[in-house]
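These notes are about the structure you will find just below.
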Amino acid sequence: MLRTSNNGTERIMEEAESLNAAIIVAGGVGARARQADMADLPKQYQMLAGQAVIAHTLQAFLSSPHINVVQPVIAAGAEEIYEQATAHLDRKKLRAPVAGGATRQHSVSNGLQALQNRDISRVLVHDAARPFATNRVIENVVTALGEHNAVIAAIPVTSTLKKVSQDTGIITGTIDRDGVWQAQTPQGFDYEELRRLHETYHDLELTDDAALFEHDGQSVAICQGDAHNIKITLPEDFDLAESIIRMTRTYEFRTGQGFDVHRFESGDGVTLCGVTIPHNRRLKGHSDADVAMHALTDAILGAIGAGDIGFHFPPSDPQWRGAPSQLFLEKACDLVHARQGQLTHCDLTIICEQPKVNPHRDEMRVKLAEIMNCAVDRVSVKATTTEKLGFTGREEGISALATATVKLPTETQT
Ligand code: MG
């Protein structure tokens, strides 16, 4: 092992020798949390603030610097729905899912097996239905694994606990909550030891992996969990989860700009912002040549750093010949939504002498708002001339300028 006097280098070298994996267990059907409008979906695939619960959960581990590999375990037959729910996630650390077993224990066991021969030294096991594992909690578990073979995240119980008779519904006693903790996941373990215990006790039905260590007489440590690290179990938990997101998520605002020019050729009308305006010429272009919508599309792509219109729809590709530019704008908006973002405002300036744009402005705003699925007052369309100067002044073509402002969740959460 390379040792240097520099603590940072030493730590990096140690980490390079011991990979940390996270197994995300999504095997259960979660019948209790089925929502009326998504009755057929297990809770981990239901939508929460724009993406499936499991996508939030995976993102938490994919973004943690302490986790090298993420191994999902899903129910057999859930491959397609898993793919839909996670298609937008970064695949660098994310392994293809493996099928779970009949019990949670079998599912974890299948996950452990899938990680064999990959130099994994520590493994964190986490429920897919807990979307709010913070980097801090993951770090707490990994750090404690430096001293213990088994660690679980937990929080102290603060409510008074009552023992109640099943038969009479009458309290039979008050449980002393001193030293009582509520177990959460992630639970972290020495990888080889957890594998050994899964093999040894494969016929025992235990509620979690820490119980395997307890059953074997080994000590299990706790580390600080987080009150927000809830498990979505009941339908009303989705309301709580939404409010946790509102409380904890931070946003940033980004602005992009776009510019486009199309020249005139002989024809009988132009399309601007999806509105056809009769004119004695038309705009030349590969698609419908909607110069205004092109500038707007580029502004939105610019705000999220997603290239430009030519990157997504190459002019060399014949399938976009004569295509309505609405497709381009829709694609840019889809990319914003895939990042949990929202278009907050856009402003377009169309520059030409003819045709007159002003009479069509309101129709253009309504059309754009409809395509972008936003309120009309978030869309501004203006027009100007260049006082007969330059190529627009000589009526050789039309140019358009746009800015777009997008609200995006800040990537790193603590
Ligand atoms: Mg163009």
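Read-outs: derived from the displayed coordinates by stated rules, not from any lab. Quick caveat, the model's predicted, so the values are computed rather than measured. Positions of Cβ are backbone-derived with ideal geometry, glycine not excepted, and every protein chain shown enters the neighbour counts.
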**OP:** Can you tell me how much longer the chain between Ile175 and Ser18 gets when fully stretched, taken as 0.36 nm per residue apart minus their C-alpha distance, in nm with one decimal?
**Re:** 52.3 nm
Subject >> In degrees, nearest ten, helix 191-200 long axis to first principal axis of the chain (Cα) >> reply: 60 degrees
Subject >> Point-to-point label distance, Asp167-Glu242, nm (Cα→Cβ direction, 7 Å offset) >> reply: 4.4 nm
Subject >> Total charge dipole magnitude, the chain, about the Cα centre, Cβ charges on Lys, Arg, Asp, Glu only, Debye to nearest 20 >> reply: 960 debye
Subject >> Simple spin-label estimate for Asp119 and Thr384 in nanometres, 7 Å along Cα-Cβ >> reply: 5.9 nm
**OP:** Taking 7 Å along the Cα-to-C-beta vector as the label spot, tell me the Glu139-Gln354 distance in nanometres, rounded to one decimal.
**Re:** 6.6 nm
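Percent relative contact order of the stretch 251-412, based on C-alpha pairs within less than 8 angstrom and at least six residues apart? Let's see the in-between values first.
On the way: 370 pairs, mean separation 55.5, N = 162.
The value is 34 percent.
Report relative contact order for the stretch 2-248 in percent, whole number only (criteria: Cα-Cα under 8 Å, sequence separation at least 6).
Details: 442 pairs, mean separation 56.0, N = 247.
Taking the mean separation of contacting Cα pairs over the length of the stretch 2-248, I get 23 percent.
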Original post:
What per residue convex hull volume, in Å³, comes out for the chain when only alpha-carbon positions are used?
Top reply: 213 Å³
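Is the shape of the stretch 360-414 best called rounded, prolate or oblate, per the rule: a/c under 1.5 gives rounded, else a/b larger than b/c gives prolate, else oblate, with a ≥ b ≥ c the square roots of the Cα gyration tensor eigenvalues? Write out the running numbers ahead of the final one.
Values: a/c = 4.06, a/b = 1.90, b/c = 2.13.
It is oblate, given that a/c is not under 1.5 and a/b is not larger than b/c.
Given a cut-off of under 8 Å on Cα pairs at least six residues apart, what relative contact order in percent is computed for the chain? Let's see the in-between values first.
Numbers: 830 pairs, mean separation 59.3, N = 414.
Averaging sequence separation for qualifying contacts and normalising by length gives 14 percent for the chain.
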**OP:** For the chain, find the longest principal axis of its Cα atoms and tell me its angle to the long axis of helix 53-62, 0 to 90°, nearest 10.
**Re:** 80 degrees
**OP:** State the extension gain, in nm to one decimal, for the chain segment bounded by Arg91 and Asp216, taking 0.36 nm per residue of separation less the distance between their alpha-carbons.
**Re:** 41.4 nm
**OP:** Please determine, in degrees from 0 to 90 and to the nearest 10, the orientation of helix 7-17 with respect to the longest principal axis defined by the Cα atoms of the chain, where the helix direction is its Cα long axis.
**Re:** 80 degrees
**OP:** Could you compute the FRET efficiency for Lys331 and Glu193, with r as their C-beta to C-beta distance and R0 at 45 Å, rounded to 0.05?
**Re:** 0.40
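Within 10 Å, count the other beta carbons around each residue, average over each peptide in 392-404, 192-204, and list them highest first.
Most protected by this proxy first, the peptides run 392-404, 192-204.
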